[in-house]
2 protein chains.
Amino acid sequence: MTRRPDTLHAQDGGAPGRRLSAAKREAIVRGARTVFGREGFPRAGIDAIAVEAGVSTRTIYNHFRDKEQLFATVIEESSAHVGDALTALIDRHLEEVPASGLESALIALGHDWVAVMTECAEHFALVRQITAEAAHLPAALIDLWQESGPRPARAALVHRFRLLAAAGALDAPDPARAATHFHLLAFAEITDRTRLGATPLPPAEISAIITAGVHTFLHGHAPTPTRPPVLGTTR
Amino acid sequence: MTRRPDTLHAQDGGAPGRRLSAAKREAIVRGARTVFGREGFPRAGIDAIAVEAGVSTRTIYNHFRDKEQLFATVIEESSAHVGDALTALIDRHLEEVPASGLESALIALGHDWVAVMTECAEHFALVRQITAEAAHLPAALIDLWQESGPRPARAALVHRFRLLAAAGALDAPDPARAATHFHLLAFAEITDRTRLGATPLPPAEISAIITAGVHTFLHGHAPTPTRPPVLGTTR
DNA sequence: GGTAAAGTACAACGTGCATGGCAACTATAA
DNA sequence: TTATAGTTGCCATGCACGTTGTACTTTACC
């Protein structure tokens with residue numbers, strides 16, 4: 001079973017038993033992500049993807065069964081990557097809560113989160129298209145996306161908030177709800193107004209939104225008045 | 001220039017100088033709203049709209065220049081109607097703040113708001129499609145929608161919050177931001193999870209979201225006199 | 001009832017686009 | 001170098017759909 005160094009993978013949906021080039025496959029997926037992000041799923045033409053990838057349309061059909069399977073592959077590979085980045089971000093900022101202030105930690109997390117959104121603009125353009133088409137996309141595809149990206153990130157946030165509540169730094173009997181409130185106040189307005197990064201927002205405005213959001217969040221979930229907050233290790 | 005009682009309106013884009021039936025036009029717009037809401041803009045076929053409206057496709061083209069103009073008409077007429085309903089709701093619930101509690105007023109507003117969303121499910125299905133396709137729709141269309149629906153409603157909310165802040169019932173130096181925070185906390189999660197009403201959410205869950213959201217909001221924007229607990233110097 | 005305009009049925013036209021077939025080209029492994 | 005198989009360009013096919021033309025039917029007012 002000798003294989004070329006470049007053709008070690010199993011194909012995703014082409015004719016069975018063929019050995020296709022991994023490099024071509026990667027080029028296709030990357031090009032497809034760009035075009036799908038720009039134009040959306042049913043709208044992006046195979047030809048445009050082929051051009052973007054520097055590949056013939058015929059080759060695309062050698063690697064993938066059809067356009068939909070290509071789309072699924074793009075979603076899975078892209079969102080797993082960005083999901084990891086966000087999860088790492090959350091853990092990094094909330095691993096140890098500085099006694100100096102939970103507020104500054106949350107604000108810093110907010111800014112870094114937005115930074116990821118601009119760095120991975122192409123991915124979030126794709127996400128925008130997914131949510132846009134959600135109702136017309138197979139449910140399995142939506143699940144695939146949720147599971148590989150948003151869900152783990154959210155779980156990490158809930159986990160950290162649970163620890164913060166246990167440490168008395170937060171009044172969050174329901175950490176999941178607190179996570180939702182934090183996310184809404186700190187990010188939802190930004191994702192909304194930038195359309196997930198599509199339209200720019202002045203940095204000062206972003207900063208104001210995050211600061212105000214974190215402020216409202218912390219006041220809304222402040223530890224019970226009688227008990228001064230215990231800021232210590234949250235682990 | 002005798003006109004039939006049924007044909008008094010000016011046409012939107014058909015051949016100039018013809019007198020078209022208002023009843024047919026209404027049927028077309030209503031059917032188009034249903035189908036556009038269900039399938040989205042470019043996706044909905046003229047044939048499907050014609051069937052839904054009980055009209056021939058040719059008649060549609062006698063009343064409207066093309067599919068896009070029909071879509072614009074649907075958006076304008078539908079969102080103006082729902083926008084008025086929401087504005088009325090806001091004014092009704094926040095016109096006089098019961099000393100008994102701003103909290104209950106906001107919660108009641110929240111419930112009525114959600115009720116409007118379910119009553120006008122067809123409209124919000126349309127809104128879902130608009131936001132989904134926003135990037136590929138002419139900007140003028142998006143503006144048309146924003147101006148006729150969401151903007152007036154939001155303005156009403158900001159106005160009420162400004163009065164509440166002036167009356168000392170709320171700590172909202174920036175009423176616009178407070179309105180955003182209230183909207184996010186009380187509604188955004190619901191619109192998110194129900195996909196603007198597309199997928200159902202148990203009433204108990206809705207109630208919990210609104211209650212928790214209003215709670216967080218009020219604690220975050222509580223009037224200063226009693227100085228709510230603050231973590232460190234949150235300013 | 002007559003008449004003119006609106007509405008309808010039907011079909012044609014053009015287009016865009018996802019696929020599939022095929023033969024020629026090319027790069028790699030032996 | 002040679003055989004093997006991925007890659008490519010190009011064309012064909014089929015389909016979906018917006019839009020229009022046209023001839024016939026219905027409707028509303030005189």
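In table form, for the structure just shown:
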{"read-out": "Using a 7 Å Cα-to-Cβ projection, B:His159 label spacings across copies, nm, ascending", "value": "4.9"}
{"read-out": "Span-rule helices in chain B, defined as complete DSSP H runs reaching 15 Å or more along the axis (Cα) with Kyte mean at least 1.6", "value": "none"}
{"read-out": "Translational diffusion coefficient (Stokes-Einstein; Kirkwood radius from C-alpha pairs) of chain B at 4 °C, 1.567 mPa s, in µm²/s", "value": "65 µm²/s"}
{"read-out": "In sequence order, calculated HN-Hα J values of segment B:54-66 (Karplus, 6.51, -1.76, 1.60; Hz; x Gly/Pro)", "value": "x, 9, 7, 4, 4, 5, 4, 6, 7, 9, 10, 4, 7"}
{"read-out": "Whole-Å distance, taken between Cα centres, linking segment B:29-50 and segment A:141-196", "value": "36 Å"}
{"read-out": "Chain A: calculated mean residue ellipticity at 222 nm from DSSP helix runs of at least 4, using -39500 (n - 2.57)", "value": "-20500 deg cm²/dmol"}
{"read-out": "Projected label distance in nm at B:Ala121 and A:Thr57, using a 7 Å step from Cα toward the beta-carbon", "value": "4.0 nm"}
{"read-out": "Paramagnetic reach from A:Arg30 (point 7 Å along Cα→Cβ, amide N under 19 Å) across segment A:54-69", "value": "A:54-57, A:59-61, A:63-64"}
{"read-out": "Förster-model FRET efficiency, 35 Å R0, B:Ala23 and B:Arg43, C-beta, rounded to 0.05", "value": "0.80"}
{"read-out": "Cβ neighbours within 10 Å from other chains - mean over A:209-220", "value": "6"}
{"read-out": "Potential extension, A:Ser207-A:Glu77 segment - 0.36 nm per residue separation minus Cα distance", "value": "43.7 nm"}
{"read-out": "Calculated diffusion of the protein assembly as shown, Stokes-Einstein form, Kirkwood radius summed over Cα pairs, 20 °C and 1.002 mPa s, µm²/s", "value": "86 µm²/s"}
{"read-out": "Nearest-first distances (nm) between copies at A:Pro42, label 7 Å from Cα via Cβ", "value": "1.0"}
{"read-out": "Longest site-free stretch - chain B; sites: GluC sites (Glu not before Pro), DSSP loop, at most 15 other Cβ within 10 Å", "value": "B:97-235"}
{"read-out": "Copies compared at B:Ala108 - label distances in nm, ascending, label defined 7 Å from Cα in the Cβ direction", "value": "4.6"}
{"read-out": "Set of segment B:181-212 residues, backbone N closer than 19 Å to the point 7 Å along the Cα-Cβ line of A:Ile142", "value": "B:188-203, B:205-206"}
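Read-outs: derived from the displayed coordinates by stated rules, not from any lab. What you are looking at is a predicted structure, and each value in this text was computed from that prediction instead of being measured. Neighbour counts run over all protein chains shown; Cβ positions are idealised from the backbone, glycine included.
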